[in-house]
Amino acid sequence: MKKWIMSGLFFFACAFALVLMFTVPGREHVAEEEQPPAMPEVTLDAAAAEEKAKASCITCHGNQLEGGMGPSLQTIGAEHDANKLYQIISEGTSGGMPAFEGQLTEEEIANLALWLAEKK
């Protein structure tokens, strides 16, 4: 009887190990997923960035980016650099900010991130 129980436990442990081997991602795969989106190289066009901000941001962040439903962006450049802002705008946040990837081009998002990064 003990041999039967031990054999069953051994079989279960082996089956569980096989399932884990094929379902848990490897270190390389996890590292690839954690990479933030790469910001493309753009030259700052403040007028275009301001237009995009008026079209996309003022609903939540206010007419003067003073805050409202979303936080104030008037000094956001003191908190985040352009790369982090690019990531936030592209992917959104769990705090309620929507992702703008797909709504704005990568270049528009990068230009907006550069413009916001100058607000210190």
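The values are calculated or read from the model by the stated rules, or taken from the named source; none is laboratory data. Because the structure is a prediction, the values reported are computed rather than measured. Positions of Cβ are backbone-derived with ideal geometry, glycine not excepted, and every protein chain shown enters the neighbour counts. Note: areas computed on protein heavy atoms with side chains; ligands, DNA, RNA excluded. Shrake-Rupley method; radii C 1.70, N 1.55, O 1.52, S 1.80 Å.
The lysines whose alpha-carbon is closer than 26 Å to the alpha-carbon of residue 119, local same-chain residues fewer than 8 away aside, are 52, 54, 84. Relative to the first principal axis of the alpha-carbon coordinates of the chain, what is the inclination of helix 46-56, with its axis defined by its Cα atoms, in degrees from 0 to 90 and to the nearest 10? So the inclination is approximately 60 degrees. In the context of the full set of protein chains, the chain has a per residue accessible area of 73 Å² (1.4 Å probe). To the nearest ten degrees, helix 2-23 and the longest principal axis of the Cα atoms of the chain are 30 degrees apart.
Rolling a 1.4 Å probe over the protein heavy atoms of segment 1-119, with every protein chain left in place, gives an accessible area that is 59 percent carbon and sulfur. Annotation: peptides 82-95, 11-24, 38-51, 103-116, ranked by per-residue average of other Cβ atoms within 10 Å with the highest first, follow the order 103-116, 82-95, 38-51, 11-24. If you average the sequence gap of Cα pairs under 8 Å that are 6 or more apart and divide by the length of the chain, what percent do you get for the contact order? So the answer I get is 28 percent.
Per the Debye formula on identical point scatterers at the alpha carbon atoms of the chain, with no solvent, log10 I(q)/I(0) at q = 0.11, 0.17, 0.20 Å⁻¹ is -0.49, -0.84, -1.07.
Taking Cα atoms only, the orientation of helix 106-117 departs from the longest principal axis of the chain by about 70 degrees. Largest accessible area first, the residues 97, 69, 6 order themselves as 69, 6, 97 under a 1.4 Å probe with ligands, DNA and RNA left out.
Please label the shape of segment 50-111 as rounded, prolate or oblate, based on the square roots a ≥ b ≥ c of the eigenvalues of the alpha-carbon gyration tensor (a/c under 1.5 means rounded; beyond that, a/b larger than b/c means prolate, else oblate). Don't skip to the answer; put the middle values down first.
Numbers: a/c = 1.33, a/b = 1.23, b/c = 1.09.
Note, shape of segment 50-111 comes out rounded.
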